[in-house]
Amino acid sequence: MRKYLTLFIILVIFCCFRALGQSSGNNYLAQPNLKKFEGKWQFSNDTITLTLQLYKEKVHINRGNNNFYIDLVQGKYSLIKKGKVISDLNSQDVTITSGSLENQNDPYTLHFIFTDVGKYSKRCNVTFKLSPNQLGKAEWLLTNTEHVIVGDEKFDLTFSVPTSMILKKVL
């Protein structure tokens, strides 16, 4: 009888450790589809050169009882406007955050938060859509975040970067 009790206790301990191991594995949301967005992207015309450096990063999220890790696209940008450097890739600031797919059925469209350094670090939304027909090209659409204006407060609707452009992957 004692032999069965010992075996039962070992089985319960084994099951508990196995359950703990599985639950910690469920606390990570891997997004392998983000890999194709990584790299250096660039737009250039006569007056502006915008370069993005995008990378996938495992980010820790802690919201109350929700404590998990998720793959997101993060990055930096450089902006040269009429020969003047507005922002550069050497900055310590991460200006592109929280990049994730719009939905799992559309593996080509990424949404992220963009900090427009040229507009006093204004937070904006970007839709970044890879061209499925033209490798190494992506469409950029920049929009304002939703906001509430209180009293006489003014909100600048403009940006220091183009709102719509096609970027080419350079690395």
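The lone criterion from (1) without any contact (Cβ under 8 Å) to a residue 24 or more places away in the chain; (2) crowded, with 16+ Cβ neighbours inside 10 Å; (3) among the polar types (S, T, N, Q) left unmet by Gln74 is number (1). Lys56 meets each of the listed conditions (1) over 20 Å from Tyr28 (Cβ atoms); (2) buried (at least 16 other Cβ atoms within 10 Å of the Cβ); (3) of a type in the set (D, E, K, R); (4) in contact with a helix residue (DSSP H, G or I) (Cβ under 8 Å, 6 or more places away or on another chain) apart from (1). Restricting attention to segment 108-118, the residues that are open to solvent by less than 50 Å² (accessible area, probe 1.4 Å) and over 14 Å from the mean Cα position of the chain (by Cα) add up to 2.
Take Leu141 and tell me if it is closer than 17 Å to Ser164 by Cα and open to solvent by 60 Å² or more (accessible area, probe 1.4 Å).
yes
In summary, strands (runs of 3 or more DSSP E) completely within segment 18-107 and bearing 2 or more residues that are within 16 Å of the chain's Cα centre (by Cα) and farther than 15 Å from Leu130 by Cα occur at 48-63, 66-81, 96-103. In segment 147-171, the qualifying residues are those that are among the β-branched types (Val, Ile, Thr) and under 18 Å from Gln42 (Cα atoms), and the one that is least open to solvent (accessible area, probe 1.4 Å) is Val161.
With respect to the conditions (1) part of a loop (DSSP other than H, G, I, E, B); (2) farther than 22 Å from Asp106 by Cα, Asn133 lacks only one, and its number is (2).
The values are calculated or read from the model by the stated rules, or taken from the named source; none is laboratory data. A quick note: this is a predicted structure, and the numbers were derived from the prediction, not measured. We place every Cβ from the backbone using ideal geometry, glycine too, and count neighbours over all the protein chains shown. Surface areas here come from the heavy atoms of the whole protein model, side chains and all, with no ligands, DNA or RNA. Shrake-Rupley method; radii C 1.70, N 1.55, O 1.52, S 1.80 Å.
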